[in-house]
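Computed from the coordinates by the stated procedures, all read-outs in this text should not be read as laboratory data. A quick note: this is a predicted structure, and the numbers were derived from the prediction, not measured. With ideal geometry, Cβ positions are generated from the backbone for all residues, glycine too; neighbour counts draw on all protein chains shown.
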């Protein structure tokens, strides 16, 4: 009589460090393995590298199915640029394989430390969303292992409903065992980058008018003082650089432990931001950057979220339609300053008109802003509650992968397809996030 | 010409990671495992990331009579073994009689039978390394490793004699002793800070293949730890919890 596999118990936190939850977990070793038997009342949730900033990656009282051992590349069609790999493969290891062969990811989030399964389940987007859509737009096929033992191969044509639910499905529709997706040719490992200074949000809107020729764009701004000056960064892959590029590890320093909570003070961050702006006196700076430095600047600092201390940080990320977004952003940032909790890091991206790949896909045509706040507990949560009202008025929505406290009403308003989605949720799968926003009324 | 390795139990996590290091260096590989689908995924990855051919062979440590044929087919595929790695193994916590027999068969009897066969082939080519995955469990017997530790202790002793036998023919016999590694085989036990990753263990094995020791501990500090443990009085060791 084989005993059930041991559930390892450890404290798991999302990347932002909050909430920390003692969690049972099991490892999935290979695609071909069956799902473990759930004990009575137990639910599963796939867990890759835990880089989301919310409880979409937590399953308190349930079990995490850890996928990083499913790390095999399965097939690569070099002529068509299509790759098939197991769901636990990280974007980092994909790049180690692709870059020397002059291929690149179809689109990439701001870190390479995520798994393919996680990129699909959160339908992540990147600096090129206005051109290329989200990661899910490039997935051609995937296999889903359901708790009833079925293996369902889905694609935009076969089992398309389940496919659309799985992309952006937050791991709730079953375990993605492998996925196949289209790649992009990389003309060289270098990007031609233009960094434009702007003095205010209005100014920034002017700058973005000239974005049409640029494939990758992103803006950083100083949220600690109005009228919010910042830098608009845009890049294109440079043509015909050296090929056969070998990827170096670009992590220069790793933060060994949590910094003391008082380290990051508003005045300190404000001074840092000023210095960052002063470092570029020119209105426009042109440079050539290695693709790793361009796409993954924060990967250079390992475990950087520990700088925020034991309580971690909270990110507030919304998407809103073009016409309302700038006003909304202005109001949100000003409210934060009035509440004496300015946003430490603000990043803006424009979102294109791509048809959403999944039922719960976050991007909508317009603009998204991600703002990092140190987690001060109730005052921060109260502040976020006030943001919620503004976002709702502007017909915006919040990003499940970034929000460990999103009220159920915000989720249901932002994602009207959630009821349709709920029909595809595997009965043995659940997450802390899902129980919070969907409750028990599917 | 690329170097050639045959790996038995190639779908084990440690063997798979070792194979990845070898494939990245351009080794030609013959992989032997019992699960077709698992082997196919392991081999697919190695083919994509490596440059030399990767062969798949199906074989089972439990099928003693088929071992000569298995060693033969591997030899026909590669023609020469620069490295033969036996990485299969079986572990049961609190084993019953059937499980004790299975561990004895796979960890000791089948492994030694195969090692003999491979040793003969390598003696004929007058060179090569025969590496066998054992365990520190054979060094100091613990109740938690009941019977498993014994199979590994027996394996270690037999490898010593095989080493003496093959040394004149220029064949090196390497005994690899990892500590606890995070693999499906140890999934029954709680992880601790001492648990190593398969990738780190494979890196240790790759280093050991290059240098000249007969017995290697992975990670290396385990050698000192187990040296002390073996010298310590029984009453003290029996009180330790690990």
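What order, most packed first, do the peptides B:211-218, A:160-167, A:408-415 have when packing is the mean number of other Cβ atoms within 10 Å of each residue?
Taking the mean over residues of other Cβ atoms within 10 Å, the ranking is A:160-167, A:408-415, B:211-218.
Which shape class applies to the protein assembly as shown: rounded if a/c is under 1.5, otherwise prolate when a/b exceeds b/c and oblate if not, where a ≥ b ≥ c are the square roots of the Cα gyration tensor eigenvalues?
Prolate, because a/c is 1.5 or more and a/b exceeds b/c.
With a/c under 1.5 counting as rounded, go ahead and sort the range A:120-160 into rounded, prolate or oblate using the C-alpha gyration tensor (a ≥ b ≥ c being the square roots of the eigenvalues; past the cut-off, prolate if a/b is larger than b/c, else oblate).
Judged from the Cα gyration tensor, the range A:120-160 comes out prolate (a/c at least 1.5, a/b above b/c).
By how many nm would the segment from residue A:284 to residue A:338 grow when fully extended, if each residue of separation counts as 0.36 nm and the alpha-carbon distance is taken off?
16.3 nm
How much mean residue ellipticity at 222 nm does chain A get from its helices, if each DSSP H run of length 4 or more adds -39500 (n - 2.57) and you divide by all residues, to the nearest 500 deg cm²/dmol?
-6000 deg cm²/dmol
Where does each of B:88, B:27 land when they are ranked from fewest to most other beta-carbon atoms within 10 angstrom?
In order of increasing Cβ crowding within 10 Å: B:27, B:88.
If each DSSP helix of 4+ residues adds -39,500 (n - 2.57) and the sum is divided by the residues in chain B, what number results at 222 nm, nearest 500 deg cm²/dmol?
The helix-only estimate for chain B comes to -13500 deg cm²/dmol at 222 nm.
Taking the Cβ of each residue in A:345, A:53 as the centre, tally the other Cβ atoms inside 10 Å and list the residues starting with the fewest.
By the 10 Å Cβ count, ascending, the order reads A:345, A:53.
Rounded to the nearest Å, what's the spacing between the alpha carbon centres of the range B:90-133 and the range A:251-304? Just the number, please.
54
Under a 10 Å cutoff between Cα atoms, tell me which one of A:233, A:176, A:82 has the largest fluctuation in the Gaussian network model of chain A.
Evaluated over chain A, the most mobile residue of the options is A:82.
Among A:232, A:322, rank each residue by its count of other Cβ atoms within 10 Å, from fewest to most, as a rough exposure measure.
Fewest-to-most ranking of A:232, A:322: A:322, A:232.
How do A:380-387, A:36-43, B:114-121 rank on mean C-beta neighbours within 10 Å, highest first?
B:114-121, A:380-387, A:36-43
In whole percent, what relative contact order does chain B give with Cα contacts below 8 Å and a gap of six or more residues?
Once divided by the residue count of chain B, the mean separation gives 18 percent.
Between B:133, B:77, B:155, where does the largest GNM mean-square fluctuation fall for chain B, given springs only between Cα atoms within less than 10 Å?
In the Gaussian network model the winner is B:77.
Need one value for A:4-10: mean number of C-beta atoms belonging to other chains within 10 Å of its residues' C-beta atoms.
3
Testing the spin-label approximation: label points 7 Å from Cα along Cα→Cβ at residue A:419 and residue B:66. State their distance in nm.
5.6
With everything on Cα atoms, drop me the angle between helix B:198-210 and the longest principal axis of chain B, reported from 0 to 90° to the nearest 10.
Taking Cα atoms only, the helix is inclined about 70 degrees.
Output the peptides A:357-370, B:40-53 sorted from most to least packed, where packing is the average of other Cβ atoms within 10 Å over each peptide's residues.
Peptide ranking by packing, descending: A:357-370, B:40-53.
Please compute the average number of Cβ atoms from other chains found within 10 Å of each residue's Cβ in peptide B:38-49.
Averaged over the peptide's residues, the number is 5.
Rounded, prolate or oblate: which one fits the range B:1-85, using the alpha carbon gyration tensor with axes a ≥ b ≥ c (rounded when a/c is under 1.5, else prolate when a/b beats b/c, else oblate)?
Oblate, since a/c reaches 1.5 and b/c is not below a/b.
How many nm separate the modelled label positions at residue B:229 and residue A:10, each set 7 Å beyond the Cα in the direction of the Cβ?
2.1
Give me the distance in nm between label points sitting 7 Å out from Cα along the Cα-to-Cβ direction at residue A:140 and residue A:436, one decimal.
Going from the residue A:140 label point to the residue A:436 one covers 3.8 nm.
If you count, for every residue in A:66-77, the Cβ atoms of partner chains within 10 Å of its Cβ, what is the mean?
4
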